[in-house]
Amino acid sequence: MEAGPKATRGFDLALTELISHDAHLFLIEAGSQAGAEALAQLPGREAMRQDLDAAAAVVAHTAATMGRDMPRDAPELLMRNLQHPRWEEVAQRCLSCANCTMVCPTCFCTTVEDHNDLLGVDSSRDRRWDSCFTMDYSYIHGGAVRPSVSSRYRQWMTHKLATWHEQFGTYGCVGCGRCITWCPVGIDITEETHAIGASEEQESAALENLERILSEHPFFADLDKSFLSLACGCARNAHFEGGRFIFHEGGAADNFYLLRQGRVALQISAPGRGANTFLTLEPGEVFGVNWLVPPYRWSYDARTLESARVIAMDAHCLRNKCEADHDLGYDIMKRLMPILIERLHATRLQFLDLYGAHV
């Protein structure tokens, strides 16, 4: 936390307890003029070198045995993850009891109360301790700004570890652990921060893995790395069991699919004739090009013939990125056009074979 266990500023008197087999002493250091004046009134003696060394050893031992730490990039980490699902998860445990803020040495939230006597003669305004965990603390005309437990916990934690740093150049947490000790459900501020950081690392690793998978698919082969990173932001892995429909004719074309494993049949249905397969896809092929053309509806069914793994590209996301970066859009169009022409030709041959004998 960059804040101890040795106090370096912002104090009047700092006491370090020194316990040995034959003595129990306190080394007292003045940190202000007021502290020096108070220290001068106390009985004692001048500290010797062995006293200073013993105090330094106590501080070093305490620092080494704290057992908890905080990510060094905590301010940036939390501000990047204001919508992280962890806030809702911790809210399921948090009682919003305000214990943590009541025992925190740096919490200073207050509220103001106005009082009038029954005769309307005397009025007073009092300030008292309050907590950002109470519903009323953020109440303004019309309701509370932070009505949910998750929003109040996020406010407290981001203030301690992020916005406090912006205001004062240091953390609002001194690492004392009182909020952890006094929490009736055992919520640990260090654990929650690390959990958000760990999920970010997992997402980053998954994204890197997905980018590698995309780059290995024939459709995205040799795609510029910057374009690949853009496309990766719209991608996710998906798995379908054999015999399952991936989409149906007439449904919203909300994805574009890259087949990695398995086989997929593209089918059309005709009255009285049932489903007819007009194309069977193998790994390395793509399907679902309706995502590119309004009204963005499927014009056929897609059904797995066996267990299949695909990369599903979010259509809305990919369209927006193509609109924002015309070079990316042009590159994707160049990759799609040969596929469309080849499939039109294959479908033409199939229909000639089907109807040729009757022409």
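The values are calculated or read from the model by the stated rules, or taken from the named source; none is laboratory data. Given the structure is predicted, the values throughout are model-derived calculations rather than measurements. Cβ sites come from the backbone with ideal geometry, for glycine too, and all protein chains shown count toward neighbours.
Yes/no per residue for (1) more than 24 Å from Arg154 (Cα to Cα); (2) of a type in the set (Gly, Ala, Ser); (3) surrounded by 10 or more Cβ atoms within 10 Å (Cβ to Cβ):
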residue	(1), (2), (3)
Met48	yes, no, no
Leu52	yes, no, yes
His84	no, no, yes
Thr106	no, no, yes
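Checking Arg49, Arg45, Arg80 one by one, the residue that is at pLDDT below 95 and closer than 30 Å to Glu192 by Cβ is Arg80 and no other.
Could you identify the single residue in Leu230, Leu210 that is over 19 Å from the mean Cα position of the chain (by Cα) and surrounded by 12 or more Cβ atoms within 10 Å (Cβ to Cβ)?
None of the other options fit; the residue is Leu230.
Check whether at least one residue in region 18-41 is under 26 Å from Ile180 (Cα atoms), out of contact with any helix residue (DSSP H, G or I) (no Cβ under 7 Å at 6 or more places or on another chain) and either in the same structural domain as Pro184 (by TED's automatic domain parsing) or not acidic (Asp, Glu) (or both), and report yes or no. No; the residues of region 18-41 include none that is under 26 Å from Ile180 (Cα atoms), out of contact with any helix residue (DSSP H, G or I) (no Cβ under 7 Å at 6 or more places or on another chain) and either in the same structural domain as Pro184 (by TED's automatic domain parsing) or not acidic (Asp, Glu) (or both).
Filtering Ser215, Ser199, Ser226, Ser151 for residues that are touching a Pro at 6+ places or on another chain (Cβ under 9 Å) and either of a type in the set (A, V, I, L, M) or on the phi < 0 side of the Ramachandran plot (or both) leaves a single hit, Ser199.
Just so you know, in region 257-286 the residues that are among the basic types (Lys, Arg) and not in a strand (DSSP E or B) include one that is surrounded by the most Cβ atoms within 10 Å (Cβ to Cβ), and it is Arg263.
In region 121-215, counting only helices (runs of 4 or more DSSP H) that sit wholly within it, none holds 2 or more residues that are assigned by TED's automatic domain parsing to the domain that holds Asp314. The sole residue among Arg93, Arg68 that is basic (Lys, Arg), surrounded by 13 or more Cβ atoms within 10 Å (Cβ to Cβ) and at pLDDT below 90 is Arg68. Restricted to region 1-94, the set of helices (runs of 4 or more DSSP H) holding at least 1 residues that are touching a His at 6+ places or on another chain (Cβ under 7 Å), touching a residue at least 40 places away in the same chain (Cβ under 8 Å) and not acidic (Asp, Glu) comprises 74-80. Only one entry of Tyr355, Tyr300, Tyr330 meets the criterion of being farther than 28 Å from Arg244 by Cα, at pLDDT 90 or above and of a type outside the set (Lys, Arg), and that entry is Tyr330. Residues in region 298-341 that are in contact (Cβ under 8 Å) with a residue 60 or more places away in the chain and either small (Gly, Ala, Ser) or not assigned by TED's automatic domain parsing to the domain that holds His248 (or both) were compared, and the one that is surrounded by the most Cβ atoms within 10 Å (Cβ to Cβ) is Ala308. I'd like to check something: does region 240-250 contain any residue that is outside any loop (DSSP other than H, G, I, E, B), among the aromatic types (Phe, Trp, Tyr) and within 30 Å of Asn81 (Cα to Cα)? Among the residues of region 240-250, not one is outside any loop (DSSP other than H, G, I, E, B), among the aromatic types (Phe, Trp, Tyr) and within 30 Å of Asn81 (Cα to Cα), which makes the answer no.
Within this structure, Val185 passes the test of being under 30 Å from Asp69 (Cα atoms), touching a residue at least 60 places away in the same chain (Cβ under 8 Å), surrounded by fewer than 17 Cβ atoms within 10 Å (Cβ to Cβ) and among the aliphatic types (A, V, I, L, M).
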